[in-house]
Amino acid sequence: RKLNCVKSQFQYMKTTTLSPESVLPLTCSRTGTCCHGKLIYINPWELYALAQEKKISSKEFRELYTDNLGISLKFNGAKGWKDQEACSQYVEGFGCSVHEGRPLACRLYPLGRQLQSNEVAYVYHGEKFPCLEGCPEVVDLPQVKVGDYLKGQATGSYEEAQDFYVELMQNLADMAFEFLLDTGLSESGDTATLKEWRKSGTDSAETLMHKIGAEWMDEFTNPNITHGIQDPCVFTQKHEELLNSKLQLEFSHLQTLDDYQTGTVLLMNIALQLARSLGADPKELSEMWIATAKEHGAKE
């Protein structure tokens with residue numbers, strides 16, 4: 001039942017797919033326009049890396065500089081380009097204050113990354129190359145191959161971390177399916193679960209955060225991992241171990257259909273909130289998962 005369907009939030013715009021040999025005006029003019037007025041989602045590794053660079057704890061960084069308990073970066077800095085607020089980490093006249101720990105979205109910009117059916121594509125969106133609106137001077141700077149740009153931005157390990165969390169999102173959804181389809185819940189005539197899944201898909205990040213609760217949000221955005229880890233693969237492995245222990249403790253004693261109904265909704269809520277932090281569309285995912293559940297006998 002797995003669905004590998006994390007897509008760009010800009011999928012309905014014109015998309016240009018690139019090869020590693022594509023040559024583009026990717027040399028940065030460092031004017032900071034791209035640090036204003038954006039929505040930058042971050043996964044748990046990126047929150048940790050940003051906190052490391054800031055030399056504070058993940059919890060402190062989350063509370064000071066993110067929205068919805070670590071789902072996205074705050075953009076509440078001084079207004080700049082187009083009178084838009086700057087990222088909370090942007091310093092006028094200097095640039096990014098956490099540049100070495102910047103998230104994948106910032107490393108890739110102005111490129112996007114799409115993962116579907118385990119295939120990765122690098123793209124840009126819109127009729128015009130994104131840099132040209134805010135920084136038209138880049139056309140006079142050296143042009144760069146996409147492959148060389150990605151190496152220079154050190155995206156590799158950050159992409160691995162992103163893909164780990166995509167897989168984790170899908171595993172959580174699979175568990176939600178098992179609770180619905182393999183416990184007798186759907187056979188009991190249950191129609192409430194898919195309605196809850198659909199509502200969660202349209203909930204705001206803040207509403208879904210409150211549904212999930214602070215304890216489970218902590219498990220995802222502020223895991224109890226010792227600071228000092230530099231390798232995202234090590235971090236994500238430790239995070240997975242902690243989550244598996246928590247899931248086993250939480251769900252090992254479920255007995256009634258009501259228990260399974262509560263469990264499947266919680267798992268789906270967590271999967272959808274994690275999906276949002278990865279830049280996916282929760283509504284689209286929930287609709288796909290609802291359709292799949294109906295194909296296997298669930299009712300709404």
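The values are calculated or read from the model by the stated rules, or taken from the named source; none is laboratory data. Here the structure is a predicted model, which is why all the values come from computation and not from measurement. Glycine also receives a Cβ, built like all others from the backbone with ideal geometry; neighbour counts cover every protein chain displayed. We work out accessible area using only protein heavy atoms, side chains counted, and drop any ligands, DNA or RNA first. Shrake-Rupley method; radii C 1.70, N 1.55, O 1.52, S 1.80 Å.
If you check T262 against the conditions, is it out of contact with any Phe, Trp or Tyr (no Cβ under 6 Å at 6 or more places or on another chain), farther than 27 Å from T66 by Cα and β-branched (V, I, T)?
yes
Within the span defined as region 230-238, every residue fails to be of a type outside the set (S, T, Y) and closer than 23 Å to L254 by Cα.
Would you mind finding the one in L132, L69 that is within 22 Å of L274 (Cα to Cα), aliphatic (A, V, I, L, M) and either touching a residue at least 60 places away in the same chain (Cβ under 8 Å) or crowded, with 20+ Cβ neighbours inside 10 Å (or both)?
It is L69.
Answer with yes or no whether Y41 is open to solvent by 50 Å² or more (accessible area, probe 1.4 Å), at pLDDT 95 or above, under 14 Å from R102 (Cα atoms) and under 19 Å from the mean Cα position of the chain (by Cα). Criteria met by Y41. Hey, among the residues in region 124-140 that are part of a helix (DSSP H, G or I) and among the charged types (D, E, K, R), which one's nearest to the chain's Cα centre (by Cα)? So the residue we want is E133. Look at region 277-296: where a residue is more than 29 Å from E46 (Cβ to Cβ) and in contact (Cβ under 8 Å) with a residue 40 or more places away in the chain and a partner is among the hydroxyl-bearing types (S, T, Y) and open to solvent by less than 40 Å² (accessible area, probe 1.4 Å), sitting 6+ places away or on another chain with Cβ atoms under 9 Å, you get A293/S186; A293/T193; H296/S186. Could you check, for region 201-211, whether at least one of its residues is in contact (Cβ under 8 Å) with a residue 60 or more places away in the chain, of a type in the set (D, E, K, R) and surrounded by 19 or more Cβ atoms within 10 Å (Cβ to Cβ)? Yes: region 201-211 contains one or more residues that are in contact (Cβ under 8 Å) with a residue 60 or more places away in the chain, of a type in the set (D, E, K, R) and surrounded by 19 or more Cβ atoms within 10 Å (Cβ to Cβ).
Could we say that Q248 is polar (S, T, N, Q) and farther than 24 Å from G263 by Cα here? Against the criterion (polar (S, T, N, Q) and farther than 24 Å from G263 by Cα), Q248 does not qualify. Taking region 275-298 as the region of interest, how many residues are farther than 27 Å from H239 by Cβ, part of a loop (DSSP other than H, G, I, E, B) and open to solvent by 20 Å² or more (accessible area, probe 1.4 Å)? The number of residues fulfilling the criteria is 2.
A single entry from L272, L243 fulfils the requirement of being of a type in the set (A, V, I, L, M), open to solvent by less than 20 Å² (accessible area, probe 1.4 Å), touching an Asp or Glu at 6+ places or on another chain (Cβ under 7 Å) and in a helix (DSSP H, G or I): L243. Could you list, in sequence order, the residues of region 252-276 that are touching a residue at least 12 places away in the same chain (Cβ under 8 Å) and of a type in the set (G, A, S)? Residues satisfying the conditions are G263, A271, A275. Of all the listed residues (D163, D182, D148), the sole one being among the charged types (D, E, K, R), open to solvent by 30 Å² or more (accessible area, probe 1.4 Å) and more than 30 Å from K246 (Cα to Cα) is D148.
Within region 44-65, the set of residues being among the basic types (K, R), open to solvent by 40 Å² or more (accessible area, probe 1.4 Å) and either in contact with a strand residue (DSSP E or B) (Cβ under 7 Å, 6 or more places away or on another chain) or assigned to a helix (DSSP H, G or I) (or both) comprises K54, K59. Taken over region 169-219, residues that are in contact with a Pro (Cβ under 8 Å, 6 or more places away or on another chain) and in a loop (DSSP other than H, G, I, E, B) amount to 1.
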